[in-house]
1. Quick one: what are the phi-derived ³J(HN,Hα) couplings along the stretch A:298-315, Karplus 6.51/-1.76/1.60 with θ = phi - 60°, whole Hz, x for glycine and proline?
2. Just in the stretch B:92-155: which GluC sites (Glu not before Pro) are loop by DSSP and have at most 16 other Cβ atoms within 10 Å?
3. Counting only heavy atoms of protein chains, what accessible area per residue, in Å², does the stretch B:73-154 have with a probe of 1.4 Å?
4. Out of all DSSP beta bridges with both ends in the stretch A:17-213, state the antiparallel percent to the nearest 5.
5. Pop out the ³J(HN,Hα) list for the stretch A:59-70 in order, Karplus 6.51 cos²θ - 1.76 cosθ + 1.60 with θ = phi - 60°, rounded to Hz; leave Gly and Pro as x.
6. Given a 1.4 Å probe and heavy atoms of the protein chains only, how would you sort B:Arg46, A:Arg42, largest accessible area at the top?
7. Given H placed 1.01 Å from N in the peptide plane, which residues other than close sequence neighbours of A:Asn295 have an amide H under 5 Å from its amide H?
8. State the three equivalent ellipsoid semi-axes of the stretch B:73-154, derived from the C-alpha gyration tensor as the square roots of 5 times its eigenvalues, in descending order and whole Å.
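The values are calculated or read from the model by the stated rules, or taken from the named source; none is laboratory data. None of the values given here were measured: they were computed from a predicted structure. Neighbour counts are summed over all protein chains in view; Cβ atoms, including those assigned to glycine, are modelled from backbone coordinates with ideal geometry. For the accessible areas, the whole protein counts, side chains as well, though only heavy atoms, and no ligand, DNA or RNA atoms are used. Shrake-Rupley method; radii C 1.70, N 1.55, O 1.52, S 1.80 Å.
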Amino acid sequence: MENKMKKVDLIFDQVDHLAILDKSLQRTQDEIILDVIESGLRGRGGAGFPTGLKWKFAKNEEADQKYVICNADEGEPGTFKDREILTQVPDKVLAGMALCGYCIGATEGYIYLRAEYNFLLPMLHKAIDKFHKELKKRDFDFSIRICSGSGAYVCGEETALMESMEGKRGEPRNKPPFPTSSGYLGKPTSVNNVETLVFALMIAQEGPTQFKEMGTFDSRGSKVFSVSGDTPTPGIFELELGMTLEQFVNEFGDGDTKAVQVGGASGFCVARKDFKNTLIGFEGIPTGGSMMLFNSSRSMYNILNDYLEFMEEESCGQCTPCRVGCQQLVKGIEAVKKGVKPPAYLEELQKLSDTMRIASKCGLGQSVPNPFNSIIQNFREEIIY
Amino acid sequence: MTRIEELVKEQADKHGRQRTSLMPILQAVVGSEHYLSEDALVAIARELDLSSADVFGTATFYTFLDTVPRGKYVIRVCKTITCHMKGKDEVIGALEDMLKVKLGGTTTDGKFSLLQANCLGWCHKGPVMLVNDEVYPEISAEKAVEIIGGYLKKG
Ligand SMILES: Cc1cc2nc3c(=O)[nH]c(=O)nc-3n(C[C@H](O)[C@H](O)[C@H](O)COP(=O)(O)O)c2cc1C
Ligand code: SF4
Ligand code: FES
């Protein structure tokens, strides 16, 4: 079989970020936004909303102040690419934020950086100072500040993130209103993932065609993957979208891959029999980058248990389906494992997880059924015996 | 003014007295005191003109904003899936033996707290631990003991 996995170098390529910004400032906001829409770029933080549309919505709002937020909370287990992007090409991230600011009419930007990455602060502050001086030379009114998280996965959810920035508990808000109309401090806000901002900058540089020609209809361009688990080559790789899991496993597997968890603790577990028919992308299984490989020496019970404990601990506790649901799923699989409950109890638990999908307030609770149902369905025996 | 009140005032002068200043102030107090005491939370509430319940609510939400006393060096070993697979239990066991403290505890001299944390963002280089803000990827039981030995000497 042809292995069409292509390595790409848009994100980590060192470019003259200021030249791209200068060129962009000569164009109108609408021209740039149209390019980003035309490229097909969708958010790289997980939800996959079209980035150009998000910028357009934020631009069309009338407000005395608007904000750009770079989401660097990166808490999804198995994801570590945003840290690497911030380390290798911080200037491109800052320029991407300024570009977004220019397009939507915001003069203030914030990086929400998870506490676990505090060691990056001195380097980032230096880069920001330098960047501010360059903007000043250009008479371009935009400034960037960093807000630090304090160890809460749910604060990666954009509305919880803004609550946290406002000095509150990181509890997700109801949507609508969406951040583009009422975000940080109630003002129109564009929240973008670190990687998304760099892609937008590269699209402003190269035009939409190159990006659009890569990938598939629903998943254009390339994506930075974080590869971990049972693999001889763990690490960070930018790959063209559109590959199947089989191609992925051929490249990264250790020859004995029994399952791949696509999209982290909130993603899906795909078993070997389905590698061939599973596309990695929005028309198949989307991922914010997290790809964890498991070989046949691993207990899927332990893996599921780890995911559920993660969700139980990180649930903000605001809504009952998620708060209680996570606890009950953890207890439930343990009861089945110990024989306290019969195997058929797993179906009851699946009903509970389906309810969580419908009734939970934010993406955390809504996505617990992804790992739960996919692991139960694919590895039922391992959960029971 | 107590020492804590002075610290809070100093941080409020630096970060401001708006609601948006709350997180940076809480973080700064944890940074220098290693935890948020009741006195500190009340002082912050007063300084920012917020209710103590509000400040307490925010503080207790966040894992890294400790509200129980912690050591000068807080060790957080990643316990999430790939680090679990790559041997975080051995790392924790070795550190428990070395520091004579159980997971979740603080050494009697107040120097080290040994905790677990969720995914630290280094899954390709697990197991990994944080000591305060410093990160140590690709550790083993032996390596972890060696690193913490360095902190022991540092005082
Ligand atoms: C529980 C939860 C955690 C999330 N964590 C992150 C994160 O760490 N980084 C991120 O960029 N997006 C995260 N998101 C998605 C954000 O809510 C938001 O969709 C994203 O930051 C938008 O940027 P994008 O369009 O560029 O992807 C999370 C969502 C949920 C529900
Ligand atoms: S789904 Fe979970 S994390 Fe989201 S708001 Fe409800 S309790 Fe909080
Ligand atoms: S699982 Fe330990 S760093 Fe991600």
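1. Per-residue couplings from phi come out as 8, 8, 5, 5, 4, 5, 4, 4, 4, 4, 5, 5, 4, 5, 4, 6, 8, 4 Hz.
2. Numbers: sites: B:Glu96, B:Glu134, B:Glu138, B:Glu142, B:Glu146; in loops: B:Glu138.
In loop regions of the stretch B:92-155 (DSSP not H, G, I, E or B), the sparsely surrounded GluC sites (Glu not before Pro) are B:Glu138.
3. Working: 3440 Å² over 82 residues.
Computed with neighbouring chains in place, this is 42 Å² per residue.
4. Working: 1 of 18 bridges.
Here the antiparallel bridges make up roughly 5 percent for the stretch A:17-213.
5. Once rounded to whole Hz, the list reads 5, 6, 6, 8, 7, 6, 8, 10, 10, 10, 10, 9.
6. Numbers: B:Arg46 165, A:Arg42 60 Å².
The ranking, largest first, comes out as B:Arg46, A:Arg42.
7. Amide H to amide H, under 5 Å and 5 or more residues apart or across chains, A:Asn295 pairs with A:Asp230, A:Lys258.
8. Working: eigenvalues 74, 29, 26 Å².
Three semi-axes, in Å: 19, 12, 11.
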